[in-house]
Amino acid sequence: MAQYFEVHPQNPQPRLLRQAAALLQQGRVLAIPTDSSYALVCRLDDKAAAEHLRRIRGVDDKHLLTLLCKDLSELASYARVDNRQFRLMKAATPGPYTFVLEASKEVPRRVSHPQRKTIGLRVPDHAVVRELLTILEAPLLASTLILPGEQEPLSDAQDIRTRLEKGVAAVIDAGPVAIRPTTVLDLTAMEGGGEPEVLRAGQGDLARLGLRA
């Protein structure tokens, strides 16, 4: 059965998150809360774990996975970012926005989009994720926890533990989370002087960035 870590949403217990981080270091997949629903996460450099994550989700290699980064400086290590893109992201982070950018050489080709060589990146505004990323000193590969055949992400930690007791190594419970997905912005056109494209209008406020759906 999956381990269950019940933590404080604003001040998560470091001891419990270190235990969760140890499971990730062992190549396991975890279910964790974010500022926009629960997500499945694993280490970026673990091929087997990434494949297991995709199997749980029921998606193939064309499905865009996301890197959860602790801050913009880490994000810029995994994507090509120009000044315009950086200014927009600075105004939106941390928060429920996912940015599609051209992946850098630090991103394994197997987790970037097979044709476009892009990757989704974001800096979540959730204490549990921030602390976990700090402990790991590396980003996490993530996907919204939506099970095959379903439309909405799972939002209840006990329900996730029951339904994925043999699929994930652990569930981190930090209380209620939002169930609205992130706003997804494709910023790749900005490199050539173009404008960001709204791929999905979600929880992140577009007006905050001067954009419209």
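How about region 1-92: which trypsin sites (Lys or Arg not before Pro) there lie in a loop by DSSP and see at most 11 other Cβ atoms within 10 Å?
Those that pass, being in a loop and sparsely packed, are Lys62.
Test of understanding: in a Gaussian network model of the chain with alpha carbons linked when under 10 Å, which of Pro94, Pro148, Pro181 would top the mean-square fluctuation ranking?
Pro148
Under a point spin-label approximation (7 Å from Cα along Cα-to-Cβ), what is the Arg55-Lys105 distance to one decimal in nm?
Reported label-point gap for Arg55 and Lys105 is 3.3 nm.
Please give the helix 127-136 orientation as an angle from the longest Cα principal axis of the chain, in degrees from 0 to 90, rounded to the nearest 10.
That helix lies at roughly 90 degrees to the long axis.
Nearest 20 debye, what's the magnitude of the dipole of region 3-209 about its Cα centre given +1 on Lys and Arg Cβ and -1 on Asp and Glu Cβ?
The calculation lands at about 420 debye.
Need one word for region 1-108: rounded, prolate or oblate. Basis is the Cα gyration tensor (sqrt eigenvalues a ≥ b ≥ c); a/c below 1.5 gives rounded, then a/b vs b/c decides.
Oblate shape, in that a/c is at least 1.5 and b/c is the bigger or equal ratio.
Enumerate the amide H contacts of Gly202 below 5 Å, restricted to partners 5 or more residues apart or on another chain; note that Pro and chain-start residues carry no placed amide H.
Thr183, Val184
To the nearest 0.05, what FRET efficiency results for Arg15 and Arg84 with a Förster distance of 45 Å applied to their C-beta separation?
That gives a FRET efficiency of 0.60.
By count of other Cβ within 10 Å, fewest leading, how are Ile146, Ile135 ordered?
Ile135, Ile146
Place +1 on the Cβ of every Lys and Arg and -1 on the Cβ of every Asp and Glu in the chain, take the dipole about the Cα centre, and give the residue among Leu101, Pro33, Leu147 whose Cα lies farthest towards its positive end.
Farthest towards the positive end: Leu101.
Report, ordered by chain and residue number, the lysines lying within cross-link reach of Lys90, taken as a straight Cα distance under 30 Å and ignoring same-chain residues fewer than 8 apart.
In chain and number order, the partners are Lys62, Lys70, Lys105, Lys117.
Using label points projected 7 Å from each Cα along Cα→Cβ, tell me how many nm separate Gln158 and Asp45, to one decimal.
4.0
What ratio of Cα Rg to 2.2 N^0.38 Å holds for the chain?
Normalised by 2.2 N^0.38 Å, the Cα Rg of the chain equals 0.96.
Fewest to most neighbouring Cβ within 10 Å: what's the order for Val123, Val100?
Val100, Val123
Sort His126, His8, His52 so the one with the fewest other Cβ atoms within 10 Å of its own Cβ comes first.
His8, His52, His126
If I model a spin label as a point 7 Å beyond the Cα along the Cα-Cβ vector, how far apart are those points for Ala189 and Gln203 in nm?
2.7
In the chain, which longest range has no GluC sites (Glu not before Pro) that are both DSSP loop (not H, G, I, E or B) and surrounded by at most 15 other Cβ atoms within 10 Å?
1-105
From the square roots a ≥ b ≥ c of the eigenvalues of the alpha-carbon gyration tensor of region 52-159, which class results: rounded (a/c under 1.5), prolate (a/b over b/c), or oblate?
Judged from the Cα gyration tensor, region 52-159 comes out oblate (a/c at least 1.5, b/c at or above a/b).
For region 147-203 and region 18-60, compute the distance between their C-alpha centroids and round to whole Å.
Rounded to whole Å, the Cα centres lie 13 Å apart.
Only the coordinates and a few stated rules stand behind these numbers; no lab work does. For clarity, every value in this text was computed on a predicted model and none was experimentally measured. Positions of Cβ are generated from backbone atoms using ideal geometry, with glycine treated the same way; all protein chains shown enter the neighbour counts.
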